[in-house]
Amino acid sequence: MVAEGLAEAFVRELAGEQPMGPWSRNPTGGGLDRACERVTTDITNTDVAGMRNLTACVLSDTTAHRTGQPTVGLPDFADHPGGPRIVDPHLATIGPTAAASTALPAQEILPNAVTRSEA
């Protein structure tokens, strides 16, 4: 979600809101709220490495289940609408550009995220 959020923020910085994908505008829904909360709290408290451990975080539980990987409670396509919800508060709080933030570990971006239930 952090990578997708940074990608959308980069597009916005370069070309404005219009070219941003429709999947990233006005994300709503209880499933998305739970996914963002899951990413910003539970998942970040685990120290996992290697793509085989991150399939569900990147591609969703559905894909993880189909490939025999562990699931983490994330719905399909949560990364695109959830990404800006995680990255935008970071950019507003810390102030670097999306490009500069790509050099930061996700653990430095996630603490600034605001889930919809907190907003």
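The values are calculated or read from the model by the stated rules, or taken from the named source; none is laboratory data. Keep in mind that what you see is a predicted model, and the values were worked out from it rather than measured. Reconstructed Cβ throughout: ideal geometry from the backbone, glycine too, with neighbour counts over all protein chains shown.
Key figures
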item: Residue list for the stretch 75-113, filter: more than 11 Å from the chain's Cα centre (by Cα), outside any helix (DSSP H, G or I), surrounded by 13 or more Cβ atoms within 10 Å (Cβ to Cβ) and of a type in the set (A, V, I, L, M); result: L104
item: Members of the stretch 12-47 that are surrounded by 12 or more Cβ atoms within 10 Å (Cβ to Cβ), over 21 Å from L110 (Cβ atoms) and at pLDDT 75 or above; result: M20
item: Matching residues in the stretch 1-11 - criterion: being surrounded by 21 or more Cβ atoms within 10 Å (Cβ to Cβ) and in a helix (DSSP H, G or I); result: V2, E4, G5, L6, E8, A9
item: Long-range neighbours under 8 Å by Cβ, at least six apart or interchain, first residue more than 8 Å from E4 (Cβ to Cβ) within the stretch 74-89, second basic (K, R) and part of a loop (DSSP other than H, G, I, E, B); result: R85/R116
